[in-house]
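Sending over a structure as structure tokens; questions will come in a sec.
The values are calculated or read from the model by the stated rules, or taken from the named source; none is laboratory data. Everything numeric in this text was worked out from a predicted model, so none of it was measured. Here Cβ is always computed from backbone atoms with ideal geometry, including for glycine, and neighbour counts include all displayed protein chains.
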């Protein structure tokens, strides 16, 4: 028996993954351990990239050779030794993939129980359980095939009737003249290739666009061998519209958006089920009715639904619904498509899926599970984590939230700083000992929150009238100008509907910097978002005789093996894709020609691994780079490598990067009106304080800020608070409180007020004289 096993710990010796500096640490088993530290300190490198990664690699190695040859070859983490590992389940913030057939009910495994109940007691019965599944031919709607929506391809957008086949009449890049798909109709022998489409008869046009697959009697010799002919729209629908969205390139997706329209299926009205399944009822409600209800509403309904034939299944449904409510997801409906969930919502659904597991001695790894949660919901989340621990499992949580850190059995604090300034173990012990430790995390954890007692003066206001977006109930809301307004409330209460929906819709001068607009993937970086990637390439081009495109991993400079991605992706059926570093470029993304050139002793790959301040120091004579890197640091992203792919960033990081882009080149901030949706997502309290300083600077320059936020460090320093609630979904959508944070402390009706009261102490530091203007915009 190993020493680590006997001691009941997971022992990590000499970890050097990413910025870790020869870290040796013990993680107690069957306990809840919180790993803390400033953003970029190395928490994820230790927990995700070392412990979880090695556990997964060892599991893969346990399979027979035949299976291992079909699995990705995961590299071993940079660590001298690890001992005491158990099977590890990683529950991260990755959103569910774009599978249109996955909904909340299927993602949390409650759908089979619901189908079982209806197959046994639904009247009239549609049949066995598959007859109630929209993923089974016996249960799915025949029109939309269980998707709930239908996609129509607009022939007017797709084809140019003035052109003949020889001129390339299809306005879609993959059907271009001379291409494989063009040959299928050009050499079919069915059409006059020189005849404009506008001169086709109705029969010819129907054959050209809508013919189902048929074998040609006498095609031209150039017709692709073994191919069959089908109409252009028929082929497009089968090849692209029904294809998995993640398997389609961004360019093709954009072209499809131009020529297609998606709308609710007229036959099943979006329920996805066929007529027999929809007609089967329990107490007057169908399976589709159950699925369309919010989790909270369905749980209330099932409290009075009993039948001895299916009582165990009903108990299982109730338990899952209770778990969903306890992680703050009571506002979701079970028929909501999984891919529309945020990263935080997806993570909490995964938590629920694991709660009913019969496995024990599992190591559960959570990556900031409190993201997107109101303090009240965080308390409920802590109970679920403790349940996992008490079931005989090891729970390892990367976290910044004081409530989650406070309930831990053991805390590991990584730091002291970010990037090269981090990667060391600053503290190990209990939460109480951490508070007295003197580390950055300990000091902030042990200091009560200070609530501002004065507010900046209003410079007028923007009045939102009759707000009714989503669950909002038609109220009026006044947003002061020239100050910081925090819009608060539990998850699903309607905060974002008000601040990012109604406010900019009624007052277009407000610019929303949210978490969704930044759609860049693995080939986009912060340099490209901030508009200075060409500046860097230009510097390398001037240092050589090469064109700037040689220093782009999307062009001539790309590694030929991975094509500039830095990794190779293995697709696994029914599982997430797995990436492994490219064995040719070693993850550097560039070819040898590009890597042979240096600027200041650094290659282009070295530059992309630099932090913002390092790049500014390398190229101090480029004002564009210096300004962009300054803003990247000021928005709290100084720890990020400038070449880090956007698809690895959290929603909060993407949003702060967008804010930096918005502020770059703005000479006069006076009159700027910015709406931010949870900008502190993923930030350590010390980094939140830096964001607060940035907000103060923007406000001092004359800007107006509206922030949708759960983080009490931001709420406590706001000038005005609009609290939406009191609950989520249909239980929310109303104004619970408006006023200053100091007044919020004394409001007993607000859940946010109660949470603020528990975490705070008055802050009497002078700010600007309290005053307010009432002039409407």
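Give me the pairs, please: first residue somewhere in segment 391-404 and free of Cβ contacts under 8 Å to residues at least 40 places away in the same chain and in the same structural domain as residue 29 (by TED's automatic domain parsing), second residue anywhere and surrounded by fewer than 24 Cβ atoms within 10 Å (Cβ to Cβ) and not in a loop (DSSP other than H, G, I, E, B), beta-carbon distance under 7 Å, and either six or more positions apart or on two chains.
Hits for this filter: 401/378; 403/375; 403/378; 403/379; 403/382.
Is it fair to say residue 53 is modelled with pLDDT under 95 and either assigned to a helix (DSSP H, G or I) or touching a strand residue (DSSP E or B) at 6+ places or on another chain (Cβ under 9 Å) (or both)?
Spelling it out, residue 53 is indeed modelled with pLDDT under 95 and either assigned to a helix (DSSP H, G or I) or touching a strand residue (DSSP E or B) at 6+ places or on another chain (Cβ under 9 Å) (or both).
Exactly one of (1) assigned by TED's automatic domain parsing to the domain that holds residue 746; (2) within 31 Å of the chain's Cα centre (by Cα); (3) surrounded by fewer than 18 Cβ atoms within 10 Å (Cβ to Cβ) is unmet by residue 534. Its number?
(1)
Something else now. Scan segment 693-702 and give yes if some residue there is in contact with a strand residue (DSSP E or B) (Cβ under 9 Å, 6 or more places away or on another chain), closer than 21 Å to residue 375 by Cβ, crowded, with 24+ Cβ neighbours inside 10 Å and not assigned by TED's automatic domain parsing to the domain that holds residue 330, otherwise no.
no
Out of curiosity, is residue 594 assigned to a helix (DSSP H, G or I), at pLDDT 90 or above, under 28 Å from residue 687 (Cβ atoms) and not assigned by TED's automatic domain parsing to the domain that holds residue 693?
Spelling it out, it is not the case that residue 594 is assigned to a helix (DSSP H, G or I), at pLDDT 90 or above, under 28 Å from residue 687 (Cβ atoms) and not assigned by TED's automatic domain parsing to the domain that holds residue 693.
In segment 519-552, how many residues are in contact with a strand residue (DSSP E or B) (Cβ under 6 Å, 6 or more places away or on another chain) and either over 16 Å from residue 644 (Cα atoms) or modelled with pLDDT of 90 or more (or both)?
Selection size over segment 519-552: 3.
Let me ask something else. Kindly provide the set of residues from segment 355-378 that are over 23 Å from residue 413 (Cβ atoms), in a helix (DSSP H, G or I) and without any contact (Cβ under 8 Å) to a residue 60 or more places away in the chain, ordered by number.
Result: 355, single match.
Consider residue 313 carefully, then state whether it is outside the structural domain of residue 88 (by TED's automatic domain parsing), more than 30 Å from residue 707 (Cα to Cα), out of contact with any helix residue (DSSP H, G or I) (no Cβ under 8 Å at 6 or more places or on another chain) and assigned to a helix (DSSP H, G or I).
no
Sticking with this one: For the list (1) under 41 Å from the mean Cα position of the chain (by Cα); (2) surrounded by 13 or more Cβ atoms within 10 Å (Cβ to Cβ); (3) part of a loop (DSSP other than H, G, I, E, B), I need the number of the one condition that residue 163 fails.
Among (1) under 41 Å from the mean Cα position of the chain (by Cα); (2) surrounded by 13 or more Cβ atoms within 10 Å (Cβ to Cβ); (3) part of a loop (DSSP other than H, G, I, E, B), the lone unmet condition for residue 163 is (1).
Also, I was wondering about something else. What number goes with the only condition from (1) in contact (Cβ under 8 Å) with a residue 60 or more places away in the chain; (2) crowded, with 23+ Cβ neighbours inside 10 Å; (3) within 24 Å of residue 497 (Cα to Cα) that residue 672 does not pass?
The number of the failed condition is (2).
Determine which member of the set 113, 85 is closer than 30 Å to residue 15 by Cβ, touching a residue at least 12 places away in the same chain (Cβ under 8 Å) and within 30 Å of the chain's Cα centre (by Cα).
That would be 85, the only listed residue that is closer than 30 Å to residue 15 by Cβ, touching a residue at least 12 places away in the same chain (Cβ under 8 Å) and within 30 Å of the chain's Cα centre (by Cα).
If you scan segment 167-182, which residues turn out to be surrounded by 14 or more Cβ atoms within 10 Å (Cβ to Cβ) and touching a residue at least 24 places away in the same chain (Cβ under 8 Å)?
169, 170, 171, 172, 174, 175, 181
Looking for whichever is within 25 Å of residue 103 (Cα to Cα), in contact with a strand residue (DSSP E or B) (Cβ under 6 Å, 6 or more places away or on another chain), crowded, with 17+ Cβ neighbours inside 10 Å and not assigned by TED's automatic domain parsing to the domain that holds residue 682 here; the options are 381, 385. Which one fits?
One residue alone meets the criteria, 385.
Matching residues to (1) touching a strand residue (DSSP E or B) at 6+ places or on another chain (Cβ under 7 Å); (2) within 30 Å of residue 386 (Cβ to Cβ); (3) at pLDDT below 95:
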| position | (1), (2), (3) |
| --- | --- |
| 277 | no, no, no |
| 280 | yes, no, no |
| 290 | no, no, no |
| 297 | no, yes, yes |
| 308 | no, no, yes |
| 323 | no, yes, yes |
| 326 | no, yes, yes |
| 329 | no, yes, yes |
| 332 | yes, yes, yes |
